[in-house]
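Shown next, in structure tokens, is the structure this report addresses.
Please treat every number below as a calculation from the coordinates, not as lab data. All of these numbers come straight from a predicted model, not from anything done at the bench. Here the Cβ positions follow ideal geometry from the backbone for every residue, glycine too, while neighbour counts run over all protein chains shown.
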Amino acid sequence: MRLVTERSPRTVAARPPTDAELVRALRADDPAAPAILWARCSPAVGRLLAKVLGPGLEIEDLTQEVFLRVFVRLPSLREPSALKAFVLSVATNVLKWELRRRWVSRRVRLSISGRLPDIAGTSNDAEARQALRRCYQIFDSLTTKERLAFVLRYLEGMTIEEVAATLAVSVSTAKRWVGSGAGKVADRVSRDPDLRSFFAKPREEGPS
Amino acid sequence: MNVESSDETPLDRTAERVADFVTGQVASPAASRSSSNEFERRLSGLRRRRRNRQRLGIGAAVTLALMVAGLAAFRFKPAAPGADLSYRVDGQPPPAGGNVLVSERAESLLAFSDGSKVRIAARSRGRVVDVNGHGARFALDEGKVSVDIVHRPRAQWTFEAGPFVVSVHGTSFTVAWNPADTLFELRLQSGAVSVASPLAASEIGLRAGQTLRVSLRDLTSTVAVTVDGGRETPPSHPAGNTTAVPSPAFDGPPTTRARPPESARWSYRGWTTTLAQNRALDVVADAERRGLATVLERADSEDLWALANAARYAGRFALARQALTAQRRRFPSSDRAQEAAFLLGRLHDADPEGPGTALGWYDRYLAEAPDGAHASDALGRKLTLLQRSNRTTEALAVAQDYLRRFPRGTYANAAHALVRAAQHP
């Protein structure tokens with residue numbers, strides 16, 4: 001099987017391969033398949049990584065790591081049409097590993113402050129940057145599973161069923177983790193006077 | 001059966017506000033072409049390693065089968081009367097588990113079971129690489145050895161000194177090798193030897209009383225006759241007491257500057273494959289055994305590139321710089337020459353005397369390959385170096401250039417921060 005991509009002139013009008021076709025092409029070592037996989041899934045993976053970890057230089061590197069693992073684990077994918085869900089579940093595994101690594105780094109104080117220094121949003125607003133930094137400090141205080149469940153549900157807009165499938169747990173467990181994560185976030189925001197007043201203000205502007 | 005649904009889970013308003021805010025602040029990284037290329041490059045590396053592992057597995061299985069077959073054959077084979085030679089070092093059995101011999105203070109004597117002797121001078125290093133029924137193969141890493149080989153039918157002794165190979169049958173001679181100065185000297189007392197030299201098209205035959213002296217640095221070879229009764233002269237000394245005589249083995253008259261002949265072309269070493277098996281130290285060791293001066297001057301582009309990378313991975317940065325510089329000098333129009341400029345920048349990144357050299361190499365790379373695979377990195381590294389050395393104005397210009405060319409690149413955050421700081425001091 002050989003995939004036809006935009007690189008080839010005779011392919012302009014060709015329809016993009018389905019997920020199942022793409023999986024078959026990847027398994028057959030089709031040279032065009034990795035680029036299609038990357039173009040199709042890397043934005044979602046990069047977005048998830050950035051939301052969970054905060055923006056940083058290592059997002060691109062971790063995205064590469066996710067896709068290398070996807071390639072290695074591809075033989076274990078039973079349902080080729082579930083490619084995107086499979087990629088996201090690999091991404092959450094990479095995130096678990098990265099969050100644990102960061103937790104250990106904070107414990108052994110590899111960062112002098114014990115906090116990650118490089119949370120830099122896209123806003124020019126100093127107050128917003130400060131609020132973002134504090135939000136990620138709150139995220140850092142969640143357990144890995146609470147943090148992942150919270151981001152998938154609240155930031156990625158997944159249903160509880162989708163969160164459960166991505167984290168490979170039961171719906172009730174996913175629901176418990178989401179509730180616990182959201183509860184802690186709300187509680188800690190309400191106990192931080194600056195954040196409380198920041199979120200009390202109506203904010204209409206998007207990223208600048 | 002669990003029938004819970006997200007509909008039953010009302011969202012917490014505060015958490016929802018936090019989520020909206022964070023989502024708005026965190027930009028979604030775009031799928032850039034350079035990231036896709038990088039992924040494909042890493043993926044092909046992964047596939048190559050997996051293939052190598054499979055081949056290694058098959059190779060190991062075949063080797064095991066051959067070993068079992070060999071052991072079985074050995075078990076049923078009667079002991080041969082002409083078995084392999086054995087040897088002792090200063091009257092002791094050879095070093096267990098290895099054959100590296102280092103003599104720090106006094107000379108060491110290797111006495112072989114056929115009566116042949118090899119005396120290793122103090123502060124010399126050498127190895128018995130192989131011993132068989134016909135002789136042995138000895139590699140002199142550095143220093144001097146005096147050799148006395150007993151003549152026997154079909155005897156086969158080989159002495160390697162850097163890129164030189166001396167083949168003997170029955171003779172006495174002294175051979176010295178100074179890898180730092182790439183000087184080789186062989187003084188023949190009796191018998192005959194032939195020497196394979198990287199500067200000669202064919203093997204050089206030497207007769208008793210002759211001394212061969214070769215400098216790879218100066219590309220000179222001299223065959224001389226000793227006239228003072230055979231007193232030895234170390235290779236680094238001038239050959240004042242010798243008389244130059246012509247030798248048919250050389251292309252030109254002795255002591256003339258000689259280019260490496262066409263027939264002495266580089267034999268491909270496959271170091272790229274060795275490196276892909278994570279054996280960087282093996283590549284460097286092989287290069288050293290062949291003589292670094294020779295390798296840097298004669299290796300083909302692929303082996304030279306593999307050596308440069310192996311040296312980087314092994315932390316041999318001076319050698320890496322030499323190999324990359326040689327790549328640029330000898331293959332100036334190749335893609336590797338351009339990439340070498342970027343890697344030279346990386347190697348000079350942390351120079352204690354400042355970033356000048358690194359910046360120069362990055363500029364050169366960006367000039368030679370403005371759309372090259374490392375253009376984003378080169379510009380990003382420039383930005384970092386300029387920031388680190390407080391050259392803020394230049395750093396700002398580079399940051400703006402970076403954002404224009406690579407708005408989603410790895411260094412985009414740092415560049416944005418610099419531009420923001422300049423706009424809101």
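Quick check on the exposure proxy: order B:MET67, A:MET158 from fewest to most C-beta atoms within 10 angstrom.
Going from sparsest to densest Cβ surroundings: B:MET67, A:MET158.
Which FRET efficiency, nearest 0.05, do B:VAL419 and B:THR220 yield, Cβ-Cβ r, R0 41 Å? Don't jump to the answer; show the numbers that get you there.
On the way: r = 59 Å, r/R0 = 1.44.
E between B:VAL419 and B:THR220, to the nearest 0.05, is 0.10.
Calculate, for B:VAL129 and A:ASN93, the FRET efficiency according to 1/(1 + (r/R0)^6) with r their C-beta to C-beta distance and R0 51 Å; round to the nearest 0.05. For B:VAL129 and A:ASN93, the calculated efficiency is 0.55.
In plain terms, the residue of B:PHE184, A:PHE139 with the fewest other Cβ atoms within 10 Å comes first and the most crowded comes last, giving A:PHE139, B:PHE184. Among the residues of B:39-50, the average count of other protein chain beta-carbon atoms within 10 Å of the residue beta-carbon is 4.
Net charge of the neighbourhood of B:TYR313, taken over other residues with C-beta under 13 Å away and scored Lys/Arg +1, Asp/Glu -1, is +3. Between B:ASP84 and B:LYS117, residue separation times 0.36 nm minus the direct Cα-Cα distance comes to 10.3 nm. What FRET efficiency comes out for B:ASP401 versus A:GLU58 if R0 is 25 angstrom and r is the Cβ-Cβ distance? Round to the nearest 0.05. The value I calculate is 0.60. In terms of surrounding Cβ atoms within a 10 Å radius of their Cβ, A:LYS184, B:LYS144 rank from fewest to most as A:LYS184, B:LYS144. Here the extension length gained between B:GLN54 and B:ARG207 equals 49.9 nm, from 0.36 nm per residue of separation less the Cα-Cα distance. Segment B:GLU353..B:ARG330, full-extension length gain: 5.5 nm, with 0.36 nm per residue of separation and the alpha-carbon distance subtracted.
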